[in-house]
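Step one of this worksheet: look at the structure below.
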Amino acid sequence: MKETYTLKLIQEIESGSLPLDEYLARKAEAIAKLEPILNSFITVVKGFEKSRIERLGLLKGLTVAIKDNICMEGIETTCGSLILRGYKPSYDATVVERIKKNSGVITGKTNMDEFAMGSTTEWSAFGPTRNPWDPCRVPGGSSGGSAAAVASGESDLALGSDTGGSIRCPASFCGVVGLKPTYGLVSRYGLIAYANSLEQIGPIARDVYGCALLLTAIAGYDPRDSTSIDRSYTDYRYALIEGLEGFRLGVVRELLGEGVDQRVSSCIEESIYRFESLGATVEEVSIPSISFALPAYYIIAMAEASSNLARYDGVRYGMSLSARDYDWSRYYEDVRSRGFGLEVKRRIILGAYVLSAGYYDRYYIKALKVRTLIKKGFMEVFKRFDALIGPSMPILPFRIGEKIEDPLELYMCDIDTVPVNLAGLPAISIPCGLVDDLPVGLQIIGSYFCEDTILRIAYNLEAALDLRLKPVFSEVCV
Ligand code: GLN
């Protein structure tokens, strides 16, 4: 097996050449040094570097950063929003429970676009996260803190959530690997909902091995999530097999269409040649319904968001104002006006609109129909291909502030990632090159529960490219 960063790190920890306490101390130092520049974390867990582990389990004491929309007992969980400031959950999300059980050391809660609505991490109430490749640029979003923490070595592994690209987008922009699992593979219990029917929690790591490792730790049936699917345990590390002979890959025409930066397409084309030289056959394929994915996604996501966010009223949790000068309806109004940011408000209003009588059929029902067409389109194509490829993001990481004034321009960035969420499929983003010192991510999409296939394909490409990426701001251990 090719020795990449995570594997090497584990070997050094296991052999004792990098004692765990020294490793954790170095992680704490990296955070102290890099946080003033990057702002990857909203909360760092106090004293994580002093964790003692009795018996090294699957995760071997590696550090894991958790996106701040995933609940952790006793640790402030804000979703990047003022409205949840001060909220300390009374329980661990299932994924957090599993990371602890598998001897992962949780470093903290990472920065994100408020309630995971965004693609840049600029919509956080706690200030933007900066891209470790160029701090003037966005790290992608909404799991930008998680990806920046991993790329910079503040943490070796991280969890993100992906509703419409929020793992793959920042993984692509920060030059790391991020995987969005099949809907139902990873428990959403303890994930603060944005759009339930679309989102999944997934791993972010420096390499494919790290992703396979963390996915193995968190995947599996959970009776506390009614959408969780009961399947047998899989150790995804065993999917990392050399060779791609006989693999059939489809390049999805619609993912490389209008709006894709020429420099991004060239990188993707180079990967296609690599795949061919590794023994795979690559062919162009078209899924026409994908052209309607973006509007369908935004209608469904906003509809679900408006309903999910109705519960934030300043009474049950989070922000509370002094009740004295209020009658009850004004109180809700004031809490929600002050507590939610601009983008969240925009989505609540639009979501309520598409669900309202008279517009429900015209927008929401129509979007659901498009969703079914997209699913069918993918299913049809998977009869002929083992996996599909395209870019993760159509463009390179842009400057902070460059697109924030224009919501539609920001929504357009999600054009290559949202079809996967509408269909519930698994997909991975893996670095495939650098352009002007900025990373480009390749997206590999698999059929339902074929995480093993996309991990194997990504693993082979990673080995063939051997990029050894190191951002300007990074502190790595091995
Ligand atoms: N950028 C997309 C949105 O704003 C996706 C976000 C996500 O995956 N959480 O909805």
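The values are calculated or read from the model by the stated rules, or taken from the named source; none is laboratory data. Here the structure is a predicted model, which means the values were calculated and not measured. Please note: Cβ atoms are built from the backbone with ideal geometry, for glycine as well, and neighbour counts cover all protein chains shown.
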Candidate set from the range 145-185 (those that are touching a Pro at 6+ places or on another chain (Cβ under 6 Å) and free of Cβ contacts under 8 Å to residues at least 60 places away in the same chain); member that is farthest from ASP416 (Cα to Cα): ALA147
Among (1) over 21 Å from ASP162 (Cβ atoms); (2) modelled with pLDDT of 95 or more; (3) out of contact with any strand residue (DSSP E or B) (no Cβ under 9 Å at 6 or more places or on another chain), the one test that VAL478 misses: (2)
Yes/no for VAL354 being at pLDDT 95 or above and more than 23 Å from the chain's Cα centre (by Cα): yes
Per-region count, the range 113-129, residues assigned to a loop (DSSP other than H, G, I, E, B) and surrounded by 24 or more Cβ atoms within 10 Å (Cβ to Cβ): 9
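Please go through the range 197-217 and pick out each residue that is away from the ligand (no atom under 16 Å from the Cβ) and out of contact with any Cys (no Cβ under 9 Å at 6 or more places or on another chain). Spell out the reasoning first.
Narrowing the range 197-217 to residues away from the ligand (no atom under 16 Å from the Cβ): 205-217.
Once the filter is applied, which keeps residues that are away from the ligand (no atom under 16 Å from the Cβ) and out of contact with any Cys (no Cβ under 9 Å at 6 or more places or on another chain), the range 197-217 yields ARG206, ASP207, VAL208, TYR209, GLY210, CYS211, ALA212, LEU213, LEU214, LEU215, THR216, ALA217.
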Some residue of the range 234-249 being of a type in the set (S, T, N, Q) and surrounded by fewer than 17 Cβ atoms within 10 Å (Cβ to Cβ): no
Within the range 87-109, tally of residues that are under 24 Å from PRO471 (Cα atoms), out of contact with any Asp or Glu (no Cβ under 6 Å at 6 or more places or on another chain) and crowded, with 23+ Cβ neighbours inside 10 Å: 3
Within the range 150-177, considering residues that are under 17 Å from ALA65 (Cα atoms) and within 11 Å of the ligand (Cβ to nearest atom), the one surrounded by the fewest Cβ atoms within 10 Å (Cβ to Cβ): SER161
